[in-house]
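Every number in this text was worked out from the coordinates using simple rules, so none of it is lab data. In this text the structure is predicted, and so the values were computed from the model without any measurement. Here the Cβ is made from the backbone with ideal geometry for all residues, glycine too, and neighbour counts use every protein chain on show.
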Amino acid sequence: MAAAAAALFRGAWTSKQIKASHRLEDLQSRQVNIVHVLRPEAAVQGVPAAQLLSKQQGRQAVLDLSRGPDAAIAYLLECVQQPQLQQQLHADLLQAAQCISSLRQVDHVRAKLECVTKQSCPQWHADTVGVRMLCTYAGPGTWYIDNRHVTRHINPWTGAASISDVEDHHAAQAGPGDLLFLKGNLCQGMAGAGAVHKSPGVAGEGGARLLLTVDDACC
């Protein structure tokens, strides 16, 4: 107890109580900041991301769950080339939107489908959102790390937490088609202990990612 208090006074903080899970129902727990839903296989396999979208920049929309999200989902999926992938995306969009809506008590969520050709977030970080779901259908998945392997620095003047050290060798990576729910620093109960993650390396268009992002950033 004394050692923990001394570490906090120095600004170092590691929370071992908050952890990752593979069970979607654990998303409601304040002791969980990462839920990695494993799935046996992706809707498409071996197809480059660039061949799956007719518009490489992708699309973004806000889903209104109070009035019905069908029109927004249809708009997002217009640029998807394969019917099987369209069906999978439709189901995943609805599931992610409903999970985030339930946890955050919001009616609107933002969804973005894009072909990513560069490493957009190469550093370990936590998002300033409530909850974000990432699913990679083609290309490498997002890296994440359990909270017990992250040390954060507490600013003694502002109380804000920043990441000071990450034990990289404990990192895990989401596979193709896996659903990765990441609670951000704004999620109730996280208090600066948002899920730590980073983008994978991308080797040009050949290693591009087809990425679906769903979050509450529009709220």
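Figures for the structure shown
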read-out	value
Å³ per residue enclosed by the Cα convex hull of segment 2-215	120 Å³
Summed residue charge, Cβ within 11 Å of Gly194's Cβ, Lys/Arg positive, Asp/Glu negative	+2
Distance between modelled label sites at Leu24 and Gln82, nm, 7 Å Cα→Cβ extension	2.1 nm
Environment charge of His170, counting only residues whose C-beta is closer than 10 Å and scoring Lys/Arg +1, Asp/Glu -1	-2
Highest-MSF residue in the chain out of Ala71, Ala195, Ala97 [GNM, Cα springs under 10 Å]	Ala71
Segment 17-88 shape via C-alpha gyration tensor axes, a/c threshold 1.5	oblate
Sorted by Cβ neighbour density within 10 Å, fewest at the top, the residues Met190, Met133	Met190, Met133
For segment 48-124: rounded, prolate or oblate by the Cα gyration tensor [a/c cutoff 1.5]	oblate
Candidates Gly68, Gly139, Gly177, ranked by Gaussian network fluctuation over the chain, Cα under 10 Å, top entry	Gly68
Given the chain, longest segment not containing exposed loop GluC sites (Glu not before Pro) (DSSP; at most 14 other Cβ within 10 Å)	79-166
Least to most buried among His197, His90 (fewest other Cβ within 10 Å first)	His90, His197
